[in-house]
1. For residue 219, put the label point 7 Å out on the Cα→Cβ axis and report which residues of the range 92-113 keep their amide N under 14 Å from it.
2. Calculate the all-directions average of the projected area of the chain's alpha-carbon convex hull, and give it in nm².
3. How many percent of Cα pairs in the range 95-172 exceed 19 Å?
4. For residue 210 and residue 183, FRET efficiency with R0 = 25 Å and r from the beta-carbon atoms, rounded to 0.05?
5. Each label point is 7 Å from the Cα along the Cα-to-Cβ direction; what then is the distance between the points at residue 279 and residue 128, in nm?
6. For the Cα atoms of the chain, what angle does the longest principal axis make with the long axis of helix 270-279, in degrees from 0 to 90, nearest 10?
7. Using a 1.4 angstrom probe on heavy atoms only, work out the carbon and sulfur share of the accessible area of the range 194-278 in %.
8. When the accessible area of the range 1-128 is computed with all protein chains present and a 1.4 Å probe, what percentage of it is carbon and sulfur?
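The values are calculated or read from the model by the stated rules, or taken from the named source; none is laboratory data. Keep in mind that this is a model prediction, so the values were computed, not measured. Because the Cβ atoms are built from the backbone with ideal geometry, glycine has one as well, and the counts that use them run over all protein chains shown. Keep in mind that these areas ignore ligands, DNA and RNA; they rest on the heavy atoms of the full protein, side chains included. Shrake-Rupley method; radii C 1.70, N 1.55, O 1.52, S 1.80 Å.
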Amino acid sequence: MSAAQSSLRSVSGPIAVVGATGAVGRETLAILASRHVPAEHVLALASPRSAGSRVPYGDGTVIVRELSEPLLHSARVAIFTATSDIARRLARPAAGAGVVVIDNSSALRHEADVPLVVPEINAHELSASTRLVANPNCSTILLLMALEPLRRRWGVERIDVSTYQAVSGAGAAGIDELLRLTRVSLEPASADEHHAPRVFHEPCAFNVFSHNSAVDVSSGLNAEEVKIIRETRRIWNLPTLSIAPTCVRVPVIRAHAESVLVTLREPAAEASVREAIAAFPGLRLVDDRAHNRFPTSRAATGEDDVLVGRIRPDPSETIDNPPGQAGFRRYQLFLAGDQIRKGAALNAVQIAEKLIELGAISRD
């Protein structure tokens with residue numbers, strides 16, 4: 001356990017998890033428990049209908065309490081895992097009351113005074129005076145984690161990415177829908193109405209379809225693709241970076257995957273690209289060509305690390321243009337990461353740990 005991790009136990013005031021009964025809220029509680037934060041130091045906050053219930057916490061449980069401003073303002077740090085509407089209504093007042101707020105929703109991601117942070121990439125945006133922080137979109141976090149070591153060493157000129165996003169990105173309701181439609185798909189005699197999707201616009205069982213976020217009819221981009229473009233440019237401070245994403249849903253419960261073609265500013269040798277990825281904190285190289293072993297959603301589920309593999313030069317370069325001494329500029333790779341964990345809950349907890357280190361969150 002690192003000093004930052006252990007320091008969560010000594011925060012001078014409760015740690016609130018807003019939206020504690022949802023998938024990301026429960027994962028946040030699990031991570032806090034793994035950091036040995038005592039249950040009595042945790043405020044599990046949710047809607048009135050959940051108040052009084054219990055959610056898992058380590059080997060035991062914690063009681064869920066109804067979200068209210070007085071209770072929220074009693075916390076020292078609050079990790080919001082609820083909707084954008086709740087964040088817009090409660091995040092700034094809580095910060096004004098002295099609570100350090102880390103928000104997982106999209107509500108604050110483009111506010112000029114709110115840093116958008118992946119700790120391994122741009123923790124320099126945080127300071128001892130920080131009171132509001134936004135967590136980026138899960139697909140953006142996973143993508144930039146994989147590419148950050150390349151950006152630092154050779155620069156990045158363009159990104160082409162296709163995502164394969166798990167249904168749990170739509171919350172517990174998305175998981176329930178996949179399980180329900182899988183069952184009815186295997187029961188041909190079931191009534192037609194049982195086959196109808198309720199969460200997504202297309203059946204998610206045995207199907208791949210365009211991401212369920214709204215599509216801009218003029219640009220053709222869906223909201224998830226816009227998030228990747230805007231957030232990548234902001235986190236890397238590259239406002240004109242070329243990014244071409246295509247986001248889809250796949251019939252997987254948990255952990256997103258992404259296929260990436262990255263164009264570097266300077267050529268790089270393949271072995272150097274592989275070494276840079278393997279050495280970067282939070283990444284795990286899974287790239288066994290001989291046995292066809294590469295990142296999978298199943299292997300990434302529940303893991304802190306983003307798995308990266310299938311690293312290879314763009315074949316359009318290698319076929320007709322043998323590498324010079326410096327190597328190639330265009331590389332393909334495949335990644336898989338748990339979007340509930342590193343893509344949301346873990347990233348928020350890591351932000352809190354960094355803010356403790358900087359003195360923004362005081363200790364006993």
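1. 110
2. Result: 20.8 nm².
3. 48
4. 0.55
5. About 3.3 nm separates the two model spin labels.
6. 10
7. 54
8. 50
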